[in-house]
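Below: one structure, written as structure tokens.
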Amino acid sequence: MFARKKAPAPSLRRQQMGLDVGRRLDANPDMVRAEVSGIQIYYQLDFLNFAQCDTLIATIDANRRPSSLLSDRNDPDFRTSDSCDMNRYAPEVQPTDEAIAALLGLPPEHGETLQGQRYAPGQRFRAHHDYFHETESYWQQMQASGGQRTWTTMIYLNDVAEGGATWFPQAGFKVAPRRGLLLAWNNMNPDGTPNVQTLHEGTAVVEGTKYIVTKWFRENAWLKR
């Protein structure tokens, strides 16, 4: 007989984070809750202006490296973009980093390093979850560094001529890159368990180059003081 995998347990902490952030975003007139069944997801147009986007693009270009993959699988074609980890205290990064935390009302120390990503034509990030899978070998290390990922925020830094959409296949939701657009979603279900419907893909860029920044928040403090 095969052992049955243990289902993730509900979490009151993650449940409360979902409620608190949801109330905050619902009360923000600049935020729109997307009509997506099964996922708590919001967006805001023009969260960053053109100058802010251009500054972050320049930072990505100056510091990019091949993107890595936190997974037990070894598939070099799964994530083919370039990435860079941004210094949260750098003057060109700090205002955006802190604005994201303030938008969600989450403690800044729960936020991971803001990550910039660059997708050239043909590059993509195949369908994945942002939350951590408890069956993977990295889970113990993640528990010791802030625990589960809860909210994801993503900001598109430029328009893309063709391709590069963020696609949630199980939810039937797709977002095309638009300069300054912020997308935020809760990776957890209302009971605090991981939400499998948050599966999403960075589809291949066809024409142009796609730049984004992504910030993930943990259930506990990620930044150690």
Dipole of the chain, positive end: most advanced residue of M142, G122, G38 [Cβ charges, Cα centre] = M142
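Around G163, what is the net charge, scoring Lys/Arg as +1 and Asp/Glu as -1 over all other residues with Cβ under 9 Å from its Cβ? Walk me through the numbers before you get to the answer.
Numbers: positive: R124, K210; negative: E162, E207.
Result for the neighbourhood of G163: 0.
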Sort 199-210, 145-156 for me by packing, meaning the mean count of neighbouring Cβ atoms within 10 Å per residue, highest on top.
-> 145-156, 199-210
Could you give the DSSP H helices of the chain that reach 15 angstrom or more along their long axis (alpha carbon positions) and whose average Kyte-Doolittle hydropathy is no lower than 0.0?
-> 50-63, 94-104
Where does the charge balance sit around L48 when Lys and Arg score +1, Asp and Glu -1, over other residues with C-beta under 14 Å from its C-beta?
-> -4
By average C-beta atoms within 10 angstrom, highest first, the peptides 84-92, 215-223, 47-55 = 215-223, 47-55, 84-92
Under the Karplus curve 6.51 cos²θ - 1.76 cosθ + 1.60, θ = phi - 60°, whole-Hz ³J(HN,Hα) for the stretch 120-131, x wherever Gly or Pro sits = 7, x, x, 7, 7, 9, 5, 4, 7, 9, 7, 6
Picking from A27, T59, H133, whose Cα lies most toward the positive end of the charge dipole for the stretch 1-133 (charges on Cβ: Lys, Arg +1; Asp, Glu -1)?
-> H133
Enumerate the calculated ³J(HN,Hα) couplings along the stretch 166-171 in order (Karplus 6.51 cos²θ - 1.76 cosθ + 1.60, θ = phi - 60°), each rounded to whole Hz, writing x wherever the residue is Gly or Pro.
-> 9, 10, 9, x, 6, 8
From the list (i) 25.0, 96; (ii) 16.9, 60; (iii) 17.1, 52, can you say which value of Rg and Dmax of the Cα atoms in Å was derived from the structure given?
-> (ii)
May I ask for the distance between the Cα centers of the stretch 89-145 and the stretch 9-37, given as a whole number of Å?
-> 18 Å
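Here, each number is a calculation from the coordinates, and none is a lab measurement. Please read all numbers here as calculations on a predicted model, not as lab measurements. No Cβ is skipped: glycine too gets one built from the backbone with ideal geometry, and neighbour counts run over all protein chains shown.
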